[in-house]
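Worksheet: one structure, shown below.
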Amino acid sequence: MCGALRPSDAGKRAVLMGWVNRRRDLGSIVFIDLRDRTGVTQVVVNRELNAPAHDKAGVLRNEYVIAVIGTVKQRDRDTVNKNIPTGEVELVVEELRLLNESKQPPFLPGETVLPNEEMRLKYRYIDLRRDAMQFNIEMRHKVSKAIRDYLCAEGFFEIETPFMTRSTPEGARDYLVPSRVQPGSFYALPQSPQMFKQILMISGFDKYFQIVRCFRDEDLRADRQPEFTQIDLEMSYPQTDTVWAVVEGFLTAAFKSAGHEIKTSFPRMSYDESIRRYGNDKPDMRLPAMADVREAMTREELDDFATKFKIRKDFPVQLIRIPKAGDISGTERRTIGTYGAYQHVQGPSFVQLMTDPKRFAKDYPAISEKIISFAKVDADDLWLLAAAKSEGPDQTAQHFCEKCGFLRLDLAQKYAAKHKAFEKTGDPAKDFRFLWVSDFPMFDWDKSEKRWNPAHHPFTTLHEEDMAKLEANIDSAHDPNSPLGEIRALAYDVVLNGTELGSGSIRIHRQDIQRKIFQALGMSDEEARARFGFFLEALEYGTPPHGGIALGLDRIVMILAGADSLREVIPFPKTARAVDLMVDAPTPVSDVQLRELGIKVVKS
Ligand code: ASP
């Protein structure tokens with residue numbers, strides 16, 4: 001291979017095949033940088049030594065495919081190329097064969113300046129020849145293999161589940177496949193193998209996994225793909241800890257395959273704590289949590305403070321801190337505090353900010369000192385206080401904390417850029433802060449539909465202690481103030497540096513509880529049967545307790561490759577408009593095909 005030869009090979013004969021990465025014609029000598037997946041070797045064609053080969057070398061252009069036979073020669077010391085592993089040798093050609101020509105590519109794999117992404121996606125095969133893409137795709141291979149090897153060694157079976165199936169319970173829009181044999185009927189592509197993997201537990205395969213494609217027709221945000229890959233698993237008789245240990249095990253293997261050591265067990269945090277301290281359910285632990293400084297004050301101090309600043313004392317007073325933000329002028333600090341600077345997160349008169357610590361210290365020396373030592377603020381930290389105005393719009397404490405969380409991340413974007421924690425990936429000493437967030441709410445209020453929805457999916461079980469609450473409120477599916485919102489699920493997310501890597505749960509294995517959940521969701525027996533009938537029936541045949549999780553492979557590889565988009569780690573991705581520019585899909589189909597399927601297209 002073109003990356004293999006070393007000085008110890010000097011004198012040996014070698015055959016290399018690859019692409020012409022670059023050709024330098026010095027008249028009687030032609031140098032060719034020959035490239036394949038493994039690297040580049042300098043090939044020398046000398047007219048004096050070999051006139052026929054030299055003639056052929058004259059016609060070579062970038063990306064032509066050639067084979068050369070020659071003798072490996074150690075280079076003179078002053079011509080050594082220290083930048084590549086083969087840089088101490090070259091291959092002196094005895095025979096050169098042109099295997100294939102190439103049109104002038106729209107861009108060259110060796111160029112440092114990239115063309116626009118549309119061009120890269122249209123000519124993906126050229127783009128994939130670039131070192132960076134070769135690195136990313138190899139990384140993807142290594143990571144999948146490490147995960148697969150780990151799970152197989154732990155006794156998991158890799159089992160395939162159908163792509164042509166019916167709607168699954170994740171709640172996004174389905175991709176549909178029309179049936180020719182039964183016109184008017186459609187398969188749905190799975191949003192996940194959720195029901196199949198649960199049925200595999202009922203079928204006696206107590207440890208299942210699959211590295212599997214899932215399909216969701218969502219409005220695409222920058223970092224979504226309509227088809228994406230999950231590391232999907234399910235186990236029988238697990239505790240939450242059992243599932244977590246498996247995930248920590250395969251993530252350790254995956255990160256190791258990319259040269260990173262990670263520490264287990266991951267810290268754990270409840271959803272409530274995560275919202276309170278970080279303002280979201282996927283905390284970035286590289287930055288300090290928010291501190292509710294009410295805890296540092298006596299009751300009189302808090303009363304006094306709340307009156308003076310006209311803030312709610314029943315809501316947290318959050319100290320948000322960006323460590324080592326460097327020199328920030330008083331003016332800039334005051335700008336952060338000015339209404340408007342962070343309006344998009346504050347909303348109208350939503351959060352009151354105190355951002356000038358110097359002035360604050362002067363006006364309130366005692367409190368200021370207490371707060372600073374309570375929240376462990378350092379001299380070069382940027383910090384501010386956020387509190388809810390007593391006369392602000394109606395809001396919940398959770399909402400308020402979420403706003404603070406946005407503000408914290410916004411400030412981090414701007415002021416923690418120099419902070420080591422926020423450096424890009426690819427560095428082996430990278431700060432990977434994993435954690436488990438658990439005890440998510442069981443139900444989410446759907447504002448537009450005006451009813452409670454499953455926060456994860458309807459097969460997730462709840463905390464045993466919350467069962468009475470479920471039973472007491474089972475008919476309040478349409479009441480936004482129902483205590484259903486307080487019920488906690490045995491659901492969990494694994495989070496890394498502010499990104500959700502995966503979600504899972506312990507499932508309902510009892511038919512009676514499943515029925516109650518559907519009732520609480522306002523779903524009649526008939527509706528439930530119509531949507532999930534086969535599954536509910538299966539549950540009745542001796543279902544073992546079970547649970548599992550699914551993690552996004554694309555995102556894990558993206559982080560490990562230090563890439564900034566999922567498209568960089570998916571060989572043939574789609575654009576934000578769900579288009580594959582290389583194959584040009586989707587496309588209209590012929591009338592004949594439509595007729596066979598009994599489909600008529602109505603253009604709106
Ligand atoms: N099927 C779920 C999802 O795709 C994951 C799980 O509960 O295992 O989000």
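The values are calculated or read from the model by the stated rules, or taken from the named source; none is laboratory data. Remember, predicted model here, so these are calculated numbers, not experimental data. Heads up, the Cβs are rebuilt from the backbone with ideal geometry, glycines too, and the neighbour counts pull from every protein chain shown.
Descriptive notes on the structure:
- For region 45-61, the criterion of being of a type in the set (V, I, T), closer than 26 Å to F135 by Cα, touching a residue at least 12 places away in the same chain (Cβ under 8 Å) and buried (at least 20 other Cβ atoms within 10 Å of the Cβ) is satisfied by no residue at all.
- Close pairs from region 493-510: first under 9 Å from G547 (Cβ atoms), partner modelled with pLDDT under 95 and within 11 Å of the ligand (Cβ to nearest atom), Cβ under 7 Å, at least 6 apart: S505/H456
- Test set (1) away from the ligand (no atom under 14 Å from the Cβ); (2) outside any loop (DSSP other than H, G, I, E, B); (3) more than 20 Å from the chain's Cα centre (by Cα) - K256 fails condition number: (3)
- Residue match in region 233-245 (condition: under 19 Å from the mean Cα position of the chain (by Cα) and closer than 29 Å to N136 by Cα): yes
- Here F156 meets the list (1) more than 16 Å from the ligand (Cβ to nearest atom); (2) more than 25 Å from A528 (Cα to Cα); (3) at pLDDT 95 or above almost entirely, failing just condition (1).
- Residues within region 457-516 that are part of a strand (DSSP E or B) and either within 26 Å of G533 (Cα to Cα) or of a type outside the set (D, E) (or both), tallied: 17
- Residues of region 280-303 satisfying the condition of being in a loop (DSSP other than H, G, I, E, B) and either at pLDDT 95 or above or out of contact with any Lys or Arg (no Cβ under 6 Å at 6 or more places or on another chain) (or both): N280, D281, K282, P283, D284, L287, A289, M290, M297, T298
- Restricting region 329-363 to residues that are hydrophobic (A, V, I, L, M, F, W, C) and surrounded by fewer than 18 Cβ atoms within 10 Å (Cβ to Cβ), the residue that is modelled with the lowest pLDDT: A341
- Candidates F135, F163: the one that is assigned to a helix (DSSP H, G or I) and in contact (Cβ under 8 Å) with a residue 24 or more places away in the chain is F135.
- Subset tally (residues that are assigned to a helix (DSSP H, G or I), closer than 16 Å to F156 by Cα and away from the ligand (no atom under 14 Å from the Cβ)) for region 192-241: 1
- So R515, is it within 11 Å of the ligand (Cβ to nearest atom) and touching a residue at least 12 places away in the same chain (Cβ under 8 Å): no
- Hey, G184 part of a loop (DSSP other than H, G, I, E, B), without any contact (Cβ under 8 Å) to a residue 40 or more places away in the chain and at positive phi or not: no
- Identity of the residue in region 518-536, among the charged types (D, E, K, R) and in contact with a helix residue (DSSP H, G or I) (Cβ under 9 Å, 6 or more places away or on another chain), that ends up nearest to I202 (Cα to Cα): R529
- Candidates A306, A366 - the one that is part of a helix (DSSP H, G or I), at pLDDT 85 or above and crowded, with 18+ Cβ neighbours inside 10 Å: A306
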